[in-house]
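Chemist: Please read through the structure below; I'll follow up with questions.
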Amino acid sequence: MKKFINQQPSRAFKLLLGIAPFVVLILLYVMGSDARLEVNPNDKLLPSMSQIADGLERMAFEPSKRSGEYLFWQDTASSLTRLGLGILIAAMLGLLIGLVTGALPMFAASLSPLLTVVSLIPPLAILPILFIVFGLGEVSKVVLIAIGITPFIARDIQRRTQEIPTEQLVKAQSLGANTSQIMIRVLLPQIMPKLFDAVRLSLGAGWLFLIAAEAVAATDGLGYRIFLVRRYMAMDVILPYVAWITMLAFLIDVSLRELTKKLFPWYVQGGKS
Amino acid sequence: MKRFAALILVLSLSSVAQAAESFKICWSIYVGWMPWAYGAEQGVVKKWADKYGIDIEVVQINDYIESINQYTAGAFDACTMTNMDALTIPAAGGVDSTALVVGDFSNGNDGVVLKGKSKLADIKGQQVNLVELSVSHYLLARGLESVGLSEKDLSVVNTSDADMVAVYGTDDVTAVATWNPLLSEITAMPNSTKVFDSSMIPGEIIDLLVINTETLKANPKLGKALVGAWYEIMAVMSGSDKAGVEAKTHMATASGTDLAGYEAQLASTEMFYTPAAALELTNSEKLLATMEHVAKFSFDHGLLGDGAPDAGFIGIEMPAGTFGDKGNIKFRFDPSYMTMAAEGKL
């Protein structure tokens with residue numbers, strides 16, 4: 001008899017174990033929903049699966065009565081644009097600041113303390129300031145996402161840059177490289193895959209800031225819709241939206257992971273060819 | 001061991017006994033609902049609950065919509081809300097609800113403010129920041145009707161009430177619809193004109209204490225205790241003597257302002273200090289017309305649910321008549337408890 005700590009599930013059993021919690025959760029939901037709907041057929045708190053499907057169909061495949069647009073896809077497009085722009089800006093700024101402060105002690109001395117302090121400011125606390133400075137349009141939403149995750153990415157890249165062995169820098173200098181050559185040819189290629197990792201880790205925060213910004217002032221977006229229909233407790237719309245956001249977040253994460261594999265095969269394989 | 005079992009038995013019995021007689025009501029901060037804060041803290045609610053041998057717990061919920069959602073989900077037996085939200089959240093959610101106390105109507109507490117323009121018709125083509133689907137939205141729709149415009153002539157931007165004052169300061173924002181105390185702060189800013197307010201549609205935005213109809217039917221004692229407590233508080237509050245000022249100061253502090261600020265809000269609120277005044281509106285034909293407007297607005301904005309074929313899908317029962325489907329009455333105005341209060345029978 002193997003000790004429990006050494007027992008490995010078989011492939012099929014592992015899959016089953018992985019799915020089981022989801023099945024249990026869905027079953028619990030359906031039971032709860034049935035129980036509430038039996039008492040009050042108009043109950044909105046836990047809509048049945050068919051009501052959720054109706055809600056989704058209405059939002060995604062039927063043009064809105066008021067504007068003639070397909071709200072679900074319009075919301076998705078606006079939210080993804082905001083998120084994409086915010087993260088792109090944050091990634092570029094984060095890379096620049098992280099690389100410069102990680103590689104050049106002169107810059108690190110002046111920027112590191114500032115970066116540390118800035119990264120500690122809760123972005124949601126300065127939301128009113130952002131809206132006053134950047135207005136209520138798209139800019140302030142993108143800026144909130146960018147401000148929220150840039151410090152995180154910058155600090156991460158700074159650490160990763162500092163972790164690159166000094167031997168490499170010494171060697172490059174022995175071969176006659178100057179500062180900018182070292183940064184672009186030695187440090188940058190090694191940092192790029194780390195940047196993808198940092199972006200993947202900051203996606204969760206990115207979504208949080210996106211939805212917070214859309215809750216304050218917006219005319220469309222996934223977060224906007226959820227906060228709007230909350231006013232009349234349309235859980236049949238909220239639940240599919242939440243599932244969709246989770247799914248989008250998952251897909252973005254997976255595609256970034258695959259992209260890292262494709263672009264930097266040496267990084268993923270850990271040096272093996 | 002035996003003693004322990006007996007203890008368990010006694011404890012469980014007492015909790016059952018209490019569960020049968022114990023009720024929870026919720027309220028949120030608003031000028032017309034502050035009396036509940038006063039009544040709960042000064043023991044007026046407890047006094048009336050004791051009189052009828054029941055237990056009433058009064059809970060403050062910070063977020064207004066959340067309080068209604070909690071009530072609709074069944075966490076509370078009664079809750080404060082406006083006539084429109086009572087129709088679109090609990091009633092549309094199948095929770096048969098009764099307006100037990102008709103407390104006041106907004107008489108200028110909700111308004112539309114324009115920056116740099118002086119009349120409502122100028123709103124055409126502008127972006128209007130407001131809490132979508134709220135009474136502000138309803139007020140705006142009623143205002144637009146009065147100048148021959150419709151919502152198609154402008155665009156609304158859903159804006160959180162918590163940030164309304166802050167965003168009004170930005171250049172992008174030229175028009176807002178909101179309520180007090182935000183409204184008075186925004187109107188006080190330079191270059192701003194209040195072009196429409198709820199005093200122009202008096203008696204349409206009504207603040208209520210809404211109670212679950214089944215609970216009320218099964219426990220008339222709860223209705224009596226709540227209405228009794230309410231009018232005792234009203235009597236104290238309406239007095240200009242020391243007790244009245246003290247009560248209002250208490251309510252002002254609890255809502256985060258001072259006596260002068262609270263008095264200013266009261267000035268744009270038509271409080272029904274006596275049951276007779278509340279009954280006048282409740283029994284009137286006008287209420288019937290108001291609820292028809294509200295139901296129509298709600299239907300046009302999809303608030304009655306997608307199964308609703310027309311504005312009358314949810315029946316609203318009022319003393320002057322029933323609006324909508326008599327087979328699907330989910331929202332009722334019940335004057336009987338206020339009448340008991342008027343006749344001094346509580």
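A short reminder: the numbers here are calculations on the coordinates, not readings from a lab. Note that the structure is a prediction, hence the values are computed from the model and not measured. Neighbour counts run over all protein chains shown; Cβ positions are idealised from the backbone, glycine included.
Chemist: Per residue of A:38-45, how many C-beta atoms from partner chains lie within 10 Å of its own C-beta, taken as a mean?
Modeler: Mean partner-chain Cβ count within 10 Å for A:38-45: 5.
Chemist: Might you report the magnitude of the Cβ-based charge dipole of region B:171-275 about its Cα centre, with Lys and Arg at +1 and Asp and Glu at -1, to the nearest 20 debye?
Modeler: 540
Chemist: Per residue of B:113-124, what is the mean number of Cβ atoms on other protein chains within 10 angstrom of that residue's Cβ?
Modeler: 0
Chemist: Let me ask something else about it. How big is region B:189-325 by Rg and Dmax over its Cα atoms, in Å?
Modeler: 18.5, 55
Chemist: If you project the alpha carbons of chain B onto the principal axes, what extent comes out on each, in Å, largest first?
Modeler: Answer, in whole Å and largest first: 77, 51, 46 Å.
Chemist: Same structure, new question: If amide hydrogens are placed 1.01 Å from N in the peptide plane, which non-local residues have theirs closer than 5 Å to the one on A:Gly221?
Modeler: A:Asp75
Chemist: Turning to a different aspect of this structure: Just to be sure I follow: if Rg is taken over the C-alpha atoms of region A:1-114 and Rh is the Kirkwood radius over the same atoms, what is Rg/Rh?
Modeler: 1.24
Chemist: Which of the lysines could a cross-linker span from A:Lys3 if the Cα-Cα distance has to be under 28 Å and same-chain partners fewer than 8 positions apart are dropped?
Modeler: Once the sequence-local lysines are set aside, what remains near A:Lys3 is A:Lys14.
Chemist: Which residue, A:Ile184, A:Trp244, B:Leu182, has the largest displacement toward the positive end of the dipole of the protein assembly as shown when charges sit on each Cβ (Lys, Arg +1; Asp, Glu -1)?
Modeler: It is A:Ile184.
Chemist: Using unit Cβ charges (K, R positive; D, E negative) and no other charged atoms, how large, in debye to the nearest 20, is the dipole of chain A about its Cα centre?
Modeler: My answer is approximately 940 debye.
Chemist: Where does helix A:11-39 land angle-wise versus the long Cα axis of chain A, in degrees 0 to 90, nearest 10?
Modeler: 40
Chemist: Would you work out the relative contact order for chain B, in percent, from Cα pairs under 8 angstrom that are 6 or more residues apart?
Modeler: 23
Chemist: Moving on. From the residues A:Phe131, A:Gln158, A:Ala234, which one has its Cα farthest along the dipole of region A:83-257 in the positive direction, the dipole being from +1 and -1 charges on Cβ of Lys/Arg and Asp/Glu about the Cα centre?
Modeler: Farthest towards the positive pole: A:Gln158.
Chemist: Could the peptides B:46-55, A:251-260, B:324-333 be put in order, highest first, of the mean number of other beta-carbon atoms found within 10 Å of their residues?
Modeler: Ranked from most to least packed, the peptides come out as B:324-333, B:46-55, A:251-260.
Chemist: List every residue whose amide H lies under 5 Å from the amide H of B:Ser97, counting only residues 5 or more places away in sequence or on a different chain, with H placed 1.01 Å from N in the peptide plane.
Modeler: Excluding prolines and chain starts, which carry no amide H, the hits are B:Thr213, B:Phe331, B:Arg332.
Chemist: Which of A:Phe13, A:Phe209, A:Phe61 moves most in a GNM of chain A, Cα contacts under 10 Å?
Modeler: A:Phe13
Chemist: Right, here's the next one. For region A:1-108, which GluC sites (Glu not before Pro) pass both filters: DSSP loop (anything but H, G, I, E, B) and at most 12 other C-beta atoms within 10 Å?
Modeler: A:Glu69
Chemist: Here is a further query. Between region B:84-102 and region B:144-194, what's the alpha-carbon centroid distance in Å?
Modeler: The two parts, judged by their Cα centres, are 27 Å apart.
Chemist: Any chance you could get the radius of gyration and Dmax over the Cα atoms of the protein assembly as shown, in Å?
Modeler: My reading of the Cα-based Rg and Dmax gives 29.7, 102 Å.
Chemist: Divide, for chain A, the radius of gyration over alpha carbons by 2.2 N^0.38 Å, where N is the residue count.
Modeler: The reported ratio for this selection is 1.29.
Chemist: Still on this model: Among A:Lys141/B:Lys124; A:Lys65/B:Lys152; B:Lys46/B:Lys345; A:Lys141/B:Lys194; B:Lys296/B:Lys326, which pairs are too far apart, with a Cα-Cα distance over 24 Å?
Modeler: Where the Cα-Cα span goes over 24 Å, the pairs concerned are A:Lys141/B:Lys124; A:Lys141/B:Lys194.
Chemist: Under a GNM of chain B (C-alpha, springs under 10 Å), which listed residue has the highest mean-square fluctuation: B:Val157, B:Val135, B:Val210?
Modeler: The residue with the greatest mean-square fluctuation here is B:Val157.
Chemist: Taking the convex hull of the Cα atoms, report for region B:287-346 its projected area averaged over all directions, in nm².
Modeler: Averaged projected hull area, Cα only: 4.6 nm².
Chemist: Quick one: check the C-alpha center-to-center distance for region A:44-111 versus region B:196-270, whole angstrom.
Modeler: 43
Chemist: Continuing with this model, one more query. Show the residues, 5+ positions off or on another chain, whose built amide H is closer than 5 Å to the amide H of A:Tyr70.
Modeler: Answer set, sorted by chain and number: A:Ser64.
Chemist: Taking chain B as a Gaussian network, where each spring joins two C-alpha atoms under 10 Å apart, which residue of B:Gly321, B:Gly94, B:Gly148 fluctuates the most?
Modeler: B:Gly148
Chemist: Just to be sure I understand: if I project the alpha-carbon convex hull of region B:110-200 onto a plane and average over all orientations, what area do I get in nm²?
Modeler: 4.9
Chemist: I've got another one for you. Take every DSSP beta bridge with both residues inside the protein assembly as shown and express the antiparallel ones as a percent of the total, to the nearest 5.
Modeler: 60
Chemist: Using the Cα centre of region B:110-200 as the reference point, and only Cβ charges (+1 on K/R, -1 on D/E), how large is the resulting charge dipole? Debye, rounded to the nearest 20.
Modeler: With Lys and Arg at +1 and Asp and Glu at -1, about 320 debye.
Chemist: Pairs of Cα atoms under 8 Å, at least six residues apart: use those to get the relative contact order of chain A, whole percent.
Modeler: 24
Chemist: Under the Karplus relation 6.51 cos²θ - 1.76 cosθ + 1.60, θ = phi - 60°, what is the ordered set of whole-Hz ³J(HN,Hα) values for region A:139-153, x standing for Gly and Pro?
Modeler: For region A:139-153, the Karplus-derived couplings read 4, 5, 5, 5, 4, 4, 4, 4, 5, x, 10, 4, x, 4, 5 Hz, x marking Gly and Pro.
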